[in-house]
Amino acid sequence: MAALHELPHQDEDGTLRAVVEAPKGARVKTKWDPELGAMVVGRTLPVGLVYPFDWGFIPGTRAEDGDPLDALILCEDASTWPGVVVPVRALGVLRIEQRGKKGRVRNDRLVTVPVELLRWNRLSQVRDLAPRMRDEVEKFCLDTTFFTAKDARSLGFAGPGAARRLVREAVSAYEKER
């Protein structure tokens, strides 16, 4: 059985997979530790913040910051649990730049919706989200790192084409490491 981060990034039909790390409503960032083979506590969020949606990663990827590609899974219905694999469709990317070990690096977040939730089918790209929702997602992503040394800055949203390119690059980076 493959570890969560080693799962293929998509299924045999080409549907993207996201692994939940921190469920909607969580105040603690939990994250996958590949060496331990378990979810571990990363840090608590600043007072007043909770995950507005499930948060996780795309398995079989390596982003510029060295971690698997981050994914926000938009679903208002309910939260899931850490370790759950959700078939998703990418609406776009929130481009984030932050301080890393070797200077400023990108730490983009894929914005996705579960493929099985018909209520979200009308959305084909991140621009289809209400402007207020985009603003709130962007603010949340910046506020979660406020008390860290990351100095995160938003570079704005990009659409599904940018999301596909980002996934391809992250899969390629992961495969080069193996």
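The values are calculated or read from the model by the stated rules, or taken from the named source; none is laboratory data. No experiment lies behind these values; they were computed from the predicted model shown. Positions of Cβ are generated from backbone atoms using ideal geometry, with glycine treated the same way; all protein chains shown enter the neighbour counts. With ligands, DNA and RNA removed, areas are computed over all heavy atoms of the protein, side chains included. Shrake-Rupley method; radii C 1.70, N 1.55, O 1.52, S 1.80 Å.
Some values worked out for this structure:
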read-out	value
For residue 71, distant residues with modelled amide H under 5 Å away	56, 57, 58, 110
Solvent-accessible heavy-atom area per residue, rounded to whole Å², over the chain at 1.4 Å	54 Å²
Under 5 Å, built H, 5+ apart or other chain: amide partners of residue 29	42, 43, 44, 45
Phi-based couplings in Hz for the range 143-155 (Karplus 6.51, -1.76, 1.60; Gly and Pro marked x)	5, 5, 9, 3, 9, 10, 8, 6, 6, 5, 9, 7, 10
Residue-wise HN-Hα coupling along the range 165-171, computed from phi with Karplus coefficients 6.51, -1.76, 1.60 (Hz; x: Gly, Pro)	4, 4, 5, 4, 5, 5, 5
Dipole moment magnitude, nearest 20 debye, the range 43-178 about Cα centre, only Lys, Arg, Asp, Glu C-beta charged	460 debye
Centroid-to-centroid separation of the range 19-61 and the range 136-162 [C-alpha atoms, Å]	16 Å
Karplus-derived HN-Hα couplings along the range 39-45 (A = 6.51, B = -1.76, C = 1.60, θ = phi - 60°), whole Hz, x at Gly and Pro	6, 10, 6, x, 5, 7, 7
Accessible carbon and sulfur surface of the chain relative to its total accessible area, %, 1.4 Å	52 percent
Given charges at Cβ of Lys, Arg, Asp, Glu: the range 25-142 dipole, positive-most of 131, 47, 98	98
